1. Around residue 93, what is the net charge, scoring Lys/Arg as +1 and Asp/Glu as -1 over all other residues with Cβ under 11 Å from its Cβ?
2. Ranked by Cβ crowding within 10 angstrom, fewest neighbours first, how are 258, 57 ordered?
3. For region 3-69, what is the relative contact order in percent, using Cα pairs closer than 8 Å and at least 6 residues apart in sequence?
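Quick note: the coordinates plus some simple rules give every number you see, no bench work behind them. Since the structure is predicted, the reported quantities are computational estimates derived from the model, not experimental observations. Virtual Cβ from ideal backbone geometry, glycine too; neighbours counted across all protein chains shown.
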Amino acid sequence: MSVMEISETLAAGRAAQELRLRRGEFELATQLGHVRTVGGALSGRRRVARGEVERLRRAAGFPDALRERVRTVGTAEGADLMDISPGRFTRLARAGYLVPVRFYLNRYRAVVWLYLAEELRAFASGEPGLLRGRLPRTPTGGSGTTGEGAEEKAGAGEDCRPRNWRGRRIGLLLHESDDRWERAAIVGSVLDPLQLAELVPDPYERASLNRLRPDLAPGRPGSEAGREVVQRLLTADDPDEISWHRSSLTALLADARRDRQAPRPNDILPEPVGAPEPAPPLEPAPTPELAPPQPARTSVAEREAEPVPHGGRGRPLLTRLRIRRGRDREASAVSRGGGADG
């Protein structure tokens, strides 16, 4: 991006302020395409063109209308919007009818899923038959379970919310990126390391994918137990889902390799990390006269010859003895002279 292009765009923080969106609202607005951005999805920070900000500010109902499009709700508020019970809402979500857009961990490390209020209202108005009675079928169940089997499947422990969230998150990231290696890294980010190593045996390619790996869920919890919960949500675990992402990664890698090869040591010569700098030219050793004194190595004779500062308290012992002897001889001479005169 040139200097002129940068001057015609705004950083994410500044754009969010001008659009009167909180940080989380702005991030979601860019992911959903409500706020168009420029720049790579992973290689650089996204920026917003000034014209895009002006367009949104001129839109009817700004800023409330834009903020409502990115408003998220949990189970209780979502059930109220759809005029159903929280239990019915949870069954619809677990069966795959309602796709979460975000999640977080509460103080008990339980996963709290968030949904777009706009989508819930649209679902309630478009699918009134699913709000009452038995669930007819599960959209992601694979076998097309109907009737009572759908509710049993949704209530027996199978939860489509993590899988649907991963699919949605990957789709949003792919929509933002045009770089082929970045797109491969996005899809590969939900596969466990063993799956990735099997599909990408080249260590340089794996290193490139890991370097471009996106952060699917920013703001990781501080506790080890919380990180383990989040990691399970970030990793594909359903056989159908794993198969789908493996096929997608294989195709994306083929496109990326045709575009360019992954960086290798002979292609890129980065600055050596921790390498010693060239030694400066040797300077001549200081002469003894210019060298700083070494008190610990000074001989007794040298210490006796050292001048005593005026008013100093620490005179050498031999010096004090000589002075005392001189004074004694002077006193004796004076006393003898005084006795002869008397």
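1. Working: positive: 88, 91, 94, 161; negative: 159.
Charge balance in the 11 Å sphere: +3.
2. In order of increasing Cβ crowding within 10 Å: 258, 57.
3. 36 percent
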